[in-house]
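What follows is a set of notes on a single structure, which appears directly below.
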Amino acid sequence: MDSTLHVAIVSSPGMGHLIPVLVLGNRLATHHNIKITIFTITTNSSSPEIEFLKKFNEKITVEIIHVPSVDISHLIDSHTKLFTQLRILVREALPEIRSGIASMNHRLDALIVDIFGTQILPIAEEFNIPKYVFHPTNAWSLALFMYQQVLDQEIEGESDDVMDPMMDRSDQQYHEYLKLTMEYTCFDGILTNTWEDLESETTKALRSNEKLQSVSYCPIYPIGPLRRTVDINEHDEVIQWLNKQNQKSVLYVSFGSGGTLSSEQIIELAWGLELSQQKFIWVVRPPSHGGTDSAYLNSNGNDTRGTFDYLPEGFLTRTKDMGLVVPMWAQQVEILSHLSVGRFISHCGWNSTIESITSGIPMIAWPLHAEQKMNSTMLTEELGVAIRPRVLPTKKLVKREEIQEMVRILMDTKEAKSIRENVKKLKISAENALTKGGSSYNTLCEFVKNIRTS
C-alpha cells in the first residue's frame, strides 16, 4: 500500500497568494516526500500569474490544476472593494474545486487553503478531510484575525490604520472580513508565514493568551519565511544592468504585483528619485484611477507597457545613466538578492517584506492597502529595519523633497547603519529558522506528523 501522503492546497487569485502557496507546496513535496496538488484560481487578466506558473512548473514536482476563471461581473459593481471581489471569486470557484477533489482516486490526507479559501469548509467536511489554513502573512495580523469577532462586539465604530476591511462597517467587505475571521477558527490548524524569533511574543500569545484561546483552540504552525529560490538569468536586461553597478549602490522601487499610485504621486516619486542622484530600478505601472489596489485583479497592462507617458517630461532622458525603469513586473527575488542592491522602497506586502529581510535589504515603507499599514508599523517601530514617510501615503501626497530625504537617510547615516545591522540579524535569524533543527523546520515536521496520525 502506498504510504505517500496526498495534500491539496487552494490558492486565491493574485501573485501575492500564488507565490507563497507554490513555495509551501514545493517545500512539502521536496522535504517531506508528500504528493501535492495545487488548485490555482486565476482571473481573465492573470497573464503574469500564468507566465509565472509556466516557469515555476518546470522546476517543481507538484501537480497544478487551473480552476477556470469565473465571470463575477453580475455579482459586483464599480463600488465593490477588492476584498469582497476576492471572496466572491473563490466562492464561485468552489463547485469546480469540489469536482476536482471528488474525482480523486483516494481521499486527501489534508486540505490546505490560503486566506480567501476558508469558504471551502463544507467541502472538507463533506469528504471528511483534515483542513488547515495557510495564513501567508505574519502572526500579528493573524492575532487580529482571530480576535476580530470579539472586537466586532466590544468596539463601536471603525478602526483606523489597520486592515482595510475593518475601516468601514457599512461596506460589504467588512461583513465578508468578519465571516472570514470566524471561518478561521473552525479549522484543524493554521500555518503562518513567519518564524518564532521574528514574532516570539505574538506566537506565544496565539498559543497561550486566554482571550485568543477563548476564540480558537486550533494549533498554530509558524513555518516561515517562505520565499521562492533565486533563479538568476544572466541574459535578463535588469540583471545585466545591475552587474555594472557598484555594490549596495542601487535603490529598488516596487509596489508589488497589484499596487498602484496616483498620477500626482508618480510624478513626485519620479522627481524624488531624480533629485536623490542615487542609482535606482523602478518597477512602474500606469497611474490608478481607483484605489491603490486597483491593478490587483488586472495586472496585465499590455496596452500601456513601455510607453511611460505618465512620467515627467524628459525624466527617462535625464536619468538614463542613473536608473532603469521596468514596466509592470520584475523578478524581485533576483533583484533584491543582487549584490548591487542596497535599499528598497516597498509597499510592505508580506512577500516583499520577507524577500527584503532574507536578502538583508533595509526598506522605505510605503504601505498602500490590505494589512500593509500594520506591516509598516512592525518594520519601523518594532523591528527597526525600515523608515517611512511622516504621513501615510494613502492619506497625503508624499512630496519629492521628503522622498529625496528618505533615500539619503538610508545611504550613509547613523540611522542607516543601525537599520542595516538590524536587518542583517533578522536575515541570519530567518536562515536559522529554516535549517535542520530550526524552529520553522521543526514546526513543519510537527505539522506533517500530525497529518500522518490524523
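The values are calculated or read from the model by the stated rules, or taken from the named source; none is laboratory data. Remember, it's a predicted structure, so these values are computed and weren't measured experimentally. Neighbour counts are summed over all protein chains in view; Cβ atoms, including those assigned to glycine, are modelled from backbone coordinates with ideal geometry. For accessibility, only protein heavy atoms count, side chains too; no ligands or nucleic acids. Shrake-Rupley method; radii C 1.70, N 1.55, O 1.52, S 1.80 Å.
Structure summary
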| quantity | calculated |
| --- | --- |
| Residue-normalised accessible area of the chain, expressed per residue, 1.4 Å probe, Å² | 43 Å² |
| Order of exposure, largest accessible area first, which applies to Ser454, Ser288 with probe 1.4 Å | Ser454, Ser288 |
| Residue-averaged 222 nm ellipticity for the chain, from DSSP H runs of 4+ at -39500 (n - 2.57), nearest 500 | -13000 deg cm²/dmol |
| Dipole-positive endmost among Ile357, Asn375, Leu392 within the range 305-394 (Cβ charges, Cα centre) | Leu392 |
| Cα-based convex hull volume of the chain per residue, rounded to whole Å³ | 146 Å³ |
| For Ile72, solvent-accessible area (1.4 Å; no DNA, RNA or ligand), Å² | 10 Å² |
| Gain in span if fully extended, Ile428 to Thr307, counting 0.36 nm per residue against the direct Cα distance | 39.5 nm |
| Whether the range 224-272 is rounded, prolate or oblate, judged on the alpha carbon gyration tensor where a/c under 1.5 counts as rounded | oblate |
| Folded to 0 to 90 degrees: helix 439-453 orientation relative to the chain principal axis, Cα | 30 degrees |
| Value of relative contact order over the range 330-454, rounded to a whole percent, pairs C-alpha under 8 Å and six or more apart | 21 percent |
| Residue-count net charge about Leu261 - beta-carbon cut-off 10 Å; Lys, Arg +1, Asp, Glu -1 | -1 |
| Gyration tensor verdict on the range 103-210 (Cα atoms; rounded if a/c is under 1.5, prolate if a/b is larger than b/c, oblate otherwise) | oblate |
| Accessible area of Glu431 in the full protein assembly, 1.4 Å probe (Å², nearest 10) | 90 Å² |
| Estimated FRET transfer efficiency (Glu415, Asn246; beta-carbon r; R0 25 Å; 0.05) | 0.70 |
| Listed peptides 101-108, 168-175 by packing density, highest first (mean Cβ within 10 Å) | 168-175, 101-108 |
| Acute angle (nearest 10 degrees) that the helix 172-184 long axis makes with the longest principal axis of the chain, alpha-carbon atoms | 50 degrees |
| Solvent-accessible area of Glu201 with every protein chain in place, 1.4 Å probe, in Å² to the nearest 10 | 140 Å² |
| List Asp309, Asp231, Asp236, Asp152, ordered by accessible area with a 1.4 Å probe, largest first | Asp309, Asp231, Asp236, Asp152 |
| Cα shape, the range 366-428, gyration tensor, a/c 1.5 rule | oblate |
| Dipole in debye (nearest 20) - the chain, about Cα centre, beta carbon charges: Lys, Arg +1; Asp, Glu -1 | 1180 debye |
| Efficiency of FRET from Cβ geometry, Glu401 and Glu381, R₀ 22 Å, rounded to 0.05 | 0.40 |
